[in-house]
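A short worksheet on the structure shown next.
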Amino acid sequence: MSTSTVMTIEDLSVSYERKRVLSNIYLRIEGGHVYGILGPNGAGKSTLFKAILGLIEVSAGDIKVNKLPIEAQRKEVVYVPQKTDVDWNFPATVLDVVLMGRYPHKKVFSRLSSADRAKANAAMEELDITALAKRQIGELSGGQQQRVFLARALCQEADIFLLDEPFVGVDITTEEKIVQVLKRLASEGKTLLVVHHDLSTVTTYFDQVVLLNQRMIAYGPTEHTFTEDNIAKTYSGQLPILHQMGVIDGK
Amino acid sequence: MIDFLNILQETWAVRALLASSLVGIMCGILGCFIVLRNMSLVGDALAHAILPGVVVAFLLVGYSTLAFFTGSVLAGLLTAVGITWIQHRVNTKNDAAIGIVFTAMFSLGVIGISYISRNQGVHLDLKDFLFGNVLGVADTDLLLTGLVTLYVILSVVVFYRYLFVSTFQPVVAETMGIPVRLIHYFLMLLLSFAVVASLQTVGVILVVAMLITPAATALLLSDKMEKVIVISAGMGLLSAVVGLLLAIILNTTPGPAIAVTATSFYLMVVLFAPKKGLFAKAVRRRQLKLRIDREDILKALYRSAQKGHAVNAELRDKLDISLLNWQRGIKQLRRHKWLQTDSLKLTNQGVEAARRLVRAHRLWETYLATEVGLDKEQIHLDAERHEHLLPEAILSAVDEKLGYPQLDPHGSPIPRSIGKPAFPLSKIKVGETAILSADQDGAYVSARLWEEKIMAGTQLRVTNRNDSLLELDYEGRTVSLALQLADQINVVPQGTFVAEA
């Protein structure tokens, strides 16, 4: 398992329309781990992803992937967007979507090869969606839809995976399947950043956490970082709800 | 009719037919991307906005097809850039930005035309620009249209992947390193080409019909992008040819005739498309309603028989089914051989089917009560509906998840011995062996065996059992299965059976 640094974020700040969303974020991501990105609504989790992916202008700061700017590392970083960001009526089949994972590897004038198709088939096989290959994506259940997008990510063969809320609106079997795939990828030295909401599953799903609330609260191994103290700092203002949910003790 | 055939031998008619066919195909192809990108209005805007391009070209070069073409394309691109710039940089709504830019461009064009006719004494016909003049297509126009069509087709084929991903998920496309902005402007360029080439045929006002209507039609007919594009091109071609012929026969303006033809095809598809059409949807709804009625009747007959009640009109009233639907339901039950032909008694298959429904109903109620935590009073109506909709595989999974409950929340027994195999695994004695049969009942059992990695045709030995579990030795592995699941697994026994309890 690799333990090298795959991503560094230094002094990152992002503003939308003069409103600060992220302030002075420092983060060092080590290869071969599953990171849970945690924080309340509006904490800037999705914004952090967009900044890493170079989709938005940052006010200040520097992000490097494998010591290079993201533009030079596009192939190595794969993004799995939230399910709500997808047009489910689009005339695309499961196979079409999974094959998209091969696009970054193709030159302009080249066609998809049988090797590309084999990779797509293997990814669909791993996520148990082979039988759905010809279905239009809107005809699938929430869990199946999430599997399709994870299969596409697998097919892209990247080093770093950014997953935005992959467990929202999926069934338990799919959730278990996704966790299993994430852990397999990490054991092969891949790095996974997962925006996540459900605090009760953090310790079983992630070996590293990033606690974010516009500022960096803490990051590091889950056992040392996902502490009551840090959670309270991250979710300040929402504490009563957390007590009620039994996520943290009412001490 | 003879007149009509004679007309078709005239060169102007052949040219018109060729020109409109090409336009139909080209707009049909591009239209798919325009519609899916929610850019229908942009197409309309580009069409209107090329007028000043024609005017400037005329002022600079005079009357020349190539100059008009170049001027129009440049004006179109300028419009696209202007619209995109406002949308990204200024706090104006997207559709408002489109409206502002294209009306301004169009007005400049109209002012330019009146300037030309006043000061240069040349009359440019605004009407031809607005509605097209396909019957006046010259050879150069035709050549230009042909080249543009070829260019559009080649571009879409070569850049298909880029167009597909940037249309479907622009953000993801960007993260893949695909130049989304460049593709947007490239598509705008193709769109300008298409609009200019369509001017002669349908004119600026109706070109948007050629872009949108065939594509919208095709999207109702297929769920696969490649097919949508081909169907859309076909629809465009068909509308153009049929519309033009109708215009010649009826002696009316071709542009509007083509647009109306395209709309008629669209309406027909809206009504009769096999999957997404209104008619097909109504049929599906009706079939579901019929099935629910039929199954409700079956269940009611089963219940009455169980309770020893007589079947009479009261039963129908309780079900709240019209006499007509009742009679239809009875007829269908007989066709399924669930009901005896001469009485209202259920056949053995009928009893089995009814028990499946009761099982579905009670399992679902149990699930809602114990897993979802709903009140006993809240669950009946939901179960009434779901008993018709839940497939057996899901029911079996629910059954297992609930731990094979005996009674539902109201205390009624949940029927269990449904589709029981001839030699269930549960009946094999401890210490005996059996071969797993390839013939398993239901997808759920097969899926569970697959999960446990037990293959058909291989040998199992029962090593232990208690009230709820069966332990197996399978190729040196110990596998434990719920007894109820073992009840549904079909085997070929090698030894003796446990005597029926």
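State yes or no: is A:ALA123 away from chain B (no Cβ under 11 Å) and of a type in the set (A, V, I, L, M)?
Here the answer is yes, as A:ALA123 does meet what is asked.
Condition test on A:ALA60, is it over 17 Å from B:MET176 (Cβ atoms), at pLDDT 95 or above and among the small types (Gly, Ala, Ser)?
So A:ALA60 does not fit the description; no.
Name the residue, out of A:VAL94, A:VAL80, that is in contact with a Phe, Trp or Tyr (Cβ under 7 Å, 6 or more places away or on another chain) and either of a type in the set (Val, Ile, Thr) or more than 9 Å from chain B (Cβ to nearest Cβ) (or both).
A:VAL80
Among (1) surrounded by fewer than 21 Cβ atoms within 10 Å (Cβ to Cβ); (2) touching a residue at least 40 places away in the same chain (Cβ under 8 Å); (3) not β-branched (Val, Ile, Thr), which single condition is A:LEU68 missing?
Status for A:LEU68: all satisfied but (2).
Select from segment A:140-152 the residues that are crowded, with 19+ Cβ neighbours inside 10 Å and of a type in the set (A, V, I, L, M) and list them in ascending order.
Of everything in segment A:140-152, those that are crowded, with 19+ Cβ neighbours inside 10 Å and of a type in the set (A, V, I, L, M) turn out to be A:VAL148, A:LEU150, A:ALA151.
Can you pull out the helices (runs of 4 or more DSSP H) entirely within segment B:247-345 that have at least 3 residues that are touching a Phe, Trp or Tyr at 6+ places or on another chain (Cβ under 7 Å) and farther than 20 Å from B:HIS361 by Cβ?
Those helices (runs of 4 or more DSSP H) span B:254-272.
For segment A:1-58, please list each of the strands (runs of 3 or more DSSP E) lying entirely inside it that holds at least 1 residues being among the aromatic types (Phe, Trp, Tyr) and touching a residue at least 60 places away in the same chain (Cβ under 8 Å).
In segment A:1-58, the matching strands (runs of 3 or more DSSP E) lie at A:19-30, A:34-38.
Looking only at helices (runs of 4 or more DSSP H) that lie completely in segment B:1-92, which have at least 3 residues being away from chain A (no Cβ under 14 Å), in contact with a Phe, Trp or Tyr (Cβ under 8 Å, 6 or more places away or on another chain) and crowded, with 16+ Cβ neighbours inside 10 Å?
The helices (runs of 4 or more DSSP H) meeting that bar are B:40-49, B:51-61, B:65-89.
Scan segment B:168-177 and tell me whether some residue there is touching a Phe, Trp or Tyr at 6+ places or on another chain (Cβ under 7 Å), without any contact (Cβ under 8 Å) to a residue 40 or more places away in the chain, within 12 Å of chain A (Cβ to nearest Cβ) and assigned to a loop (DSSP other than H, G, I, E, B).
Looking for residues that are touching a Phe, Trp or Tyr at 6+ places or on another chain (Cβ under 7 Å), without any contact (Cβ under 8 Å) to a residue 40 or more places away in the chain, within 12 Å of chain A (Cβ to nearest Cβ) and assigned to a loop (DSSP other than H, G, I, E, B), one finds at least one in segment B:168-177, hence yes.
May I ask you to verify whether B:LEU187 is surrounded by 19 or more Cβ atoms within 10 Å (Cβ to Cβ), more than 10 Å from chain A (Cβ to nearest Cβ), under 28 Å from B:LEU51 (Cα atoms) and of a type in the set (A, V, I, L, M, F, W, C)?
Answer is yes for this residue.
I'd like to check something: does segment A:8-31 contain any residue that is small (Gly, Ala, Ser) and in contact with a helix residue (DSSP H, G or I) (Cβ under 7 Å, 6 or more places away or on another chain)?
Within segment A:8-31, none of the residues are small (Gly, Ala, Ser) and in contact with a helix residue (DSSP H, G or I) (Cβ under 7 Å, 6 or more places away or on another chain).
Hey, can you tell me all the residues within segment B:147-167 that are of a type in the set (A, V, I, L, M, F, W, C), within 10 Å of chain A (Cβ to nearest Cβ) and within 25 Å of the chain's Cα centre (by Cα)?
Correct list: B:PHE159, B:PHE164, B:VAL165.
Specify the residue that is farthest from B:PHE33 (Cα to Cα); the eligible residues are those in segment A:83-98 that are at pLDDT 90 or above and polar (S, T, N, Q).
A:THR93
I'm told B:LYS276 meets every condition in (1) more than 30 Å from B:ASP44 (Cα to Cα); (2) free of Cβ contacts under 8 Å to residues at least 60 places away in the same chain; (3) among the basic types (Lys, Arg) except one. Can you identify the failing condition by its number?
Condition (1) is where B:LYS276 drops out.
Do we find a residue being surrounded by 14 or more Cβ atoms within 10 Å (Cβ to Cβ), in contact with a helix residue (DSSP H, G or I) (Cβ under 8 Å, 6 or more places away or on another chain) and closer than 24 Å to B:ILE297 by Cα anywhere in segment B:400-409?
Among the residues of segment B:400-409, at least one is surrounded by 14 or more Cβ atoms within 10 Å (Cβ to Cβ), in contact with a helix residue (DSSP H, G or I) (Cβ under 8 Å, 6 or more places away or on another chain) and closer than 24 Å to B:ILE297 by Cα, which makes the answer yes.
To keep it simple, each residue is scored yes or no on (1) at pLDDT below 95; (2) over 16 Å from the mean Cα position of the chain (by Cα); (3) more than 13 Å from every other protein chain (Cβ to nearest Cβ); (4) surrounded by 22 or more Cβ atoms within 10 Å (Cβ to Cβ).
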site: A:LEU112; (1), (2), (3), (4): yes, yes, no, no
site: A:GLY138; (1), (2), (3), (4): yes, yes, no, no
site: A:LEU154; (1), (2), (3), (4): no, no, yes, yes
site: A:LEU162; (1), (2), (3), (4): no, no, no, yes
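Restricting to segment B:40-54, give me the number of residues that are farther than 18 Å from B:ALA197 by Cβ and at pLDDT 90 or above.
1
If a residue must be crowded, with 19+ Cβ neighbours inside 10 Å and away from chain A (no Cβ under 14 Å), how many such residues does segment B:204-237 contain?
Final tally of qualifying residues: 14.
Scan segment A:1-21 residue by residue and report those that are over 19 Å from A:ILE70 (Cα atoms) and surrounded by 15 or more Cβ atoms within 10 Å (Cβ to Cβ).
Listed by number, the residues that qualify are A:SER15, A:VAL21.
Closer than 24 Å to B:ASP399 by Cα and either buried (at least 17 other Cβ atoms within 10 Å of the Cβ) or not polar (S, T, N, Q) (or both): does that describe B:GLY329?
So B:GLY329 does not fit the description; no.
Answer yes or no: is there a residue in segment B:340-361 that is free of Cβ contacts under 8 Å to residues at least 40 places away in the same chain and touching a Ser or Thr at 6+ places or on another chain (Cβ under 9 Å).
yes
What pairs come up if the first residue lies in segment A:112-126 and is basic (Lys, Arg), the second is part of a loop (DSSP other than H, G, I, E, B) and surrounded by fewer than 17 Cβ atoms within 10 Å (Cβ to Cβ), and their beta carbons are under 8 Å apart, counting only those six or more places apart or on different chains?
Qualifying pairs under 8 Å: A:LYS119/A:GLU157.
Among the residues of segment A:164-200, which ones are in a strand (DSSP E or B) and within 14 Å of chain B (Cβ to nearest Cβ)?
Once the filter is applied, which keeps residues that are in a strand (DSSP E or B) and within 14 Å of chain B (Cβ to nearest Cβ), segment A:164-200 yields A:ASP164, A:LEU193.
What about B:THR201, is it touching a helix residue (DSSP H, G or I) at 6+ places or on another chain (Cβ under 6 Å), more than 12 Å from every other protein chain (Cβ to nearest Cβ), surrounded by 24 or more Cβ atoms within 10 Å (Cβ to Cβ) and modelled with pLDDT of 95 or more?
Considered against the rule, which asks whether it is touching a helix residue (DSSP H, G or I) at 6+ places or on another chain (Cβ under 6 Å), more than 12 Å from every other protein chain (Cβ to nearest Cβ), surrounded by 24 or more Cβ atoms within 10 Å (Cβ to Cβ) and modelled with pLDDT of 95 or more, B:THR201 comes out as no.
Taking the conditions exactly as written (within 15 Å of B:VAL172 (Cβ to Cβ) and either more than 14 Å from chain B (Cβ to nearest Cβ) or surrounded by 19 or more Cβ atoms within 10 Å (Cβ to Cβ) (or both)), does A:PRO104 satisfy them or not?
The answer is yes for A:PRO104.
The values are calculated or read from the model by the stated rules, or taken from the named source; none is laboratory data. Please read these numbers as outputs of a predicted model, since none were measured by experiment. For neighbour counting, all protein chains shown are included, and Cβ atoms are generated from backbone atoms with ideal geometry for every residue, glycine included.
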